[in-house]
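Rule-based calculations on the coordinates, nothing more; no lab input. Since this is a predicted model, take the numbers as computed values, not measurements. Quick reminder, even Gly has a Cβ in these numbers, built from the backbone with ideal geometry, and neighbours come from all protein chains shown.
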């Protein structure tokens, strides 16, 4: 440690609890930090001073067939075939093995459209 830091540490050792509390409050106000996070994790976390970081919006979606009611199976099978381009046997295997992902990495609009088609046929669908 540098001599300056050693001096600060020695000064801190002489503070009363009340003075230490006031010092912590002053440091929090001056530097925009939260000392309670330091007590929990051992490091001070700087508060966001600028604009908040933009949360990355999901751009690719997977369409997952969650549930297929027995009475809607044929209608759902037709929609799955239309969406995936699979043959009857492959599409039937997907429909019968729900929950099953049927499309992946679709744009938001395409995923919503697929979901709507499947829901209109009677399936329960989720986007992940």
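Tabulated values for the structure
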item: Sequence ranges 80-92, 10-22, ranked by mean other-Cβ count within 10 angstrom, highest first; result: 80-92, 10-22
item: Whole-number percent relative contact order across the range 61-127, with pairs defined as alpha carbons under 8 Å at least 6 apart; result: 57 percent
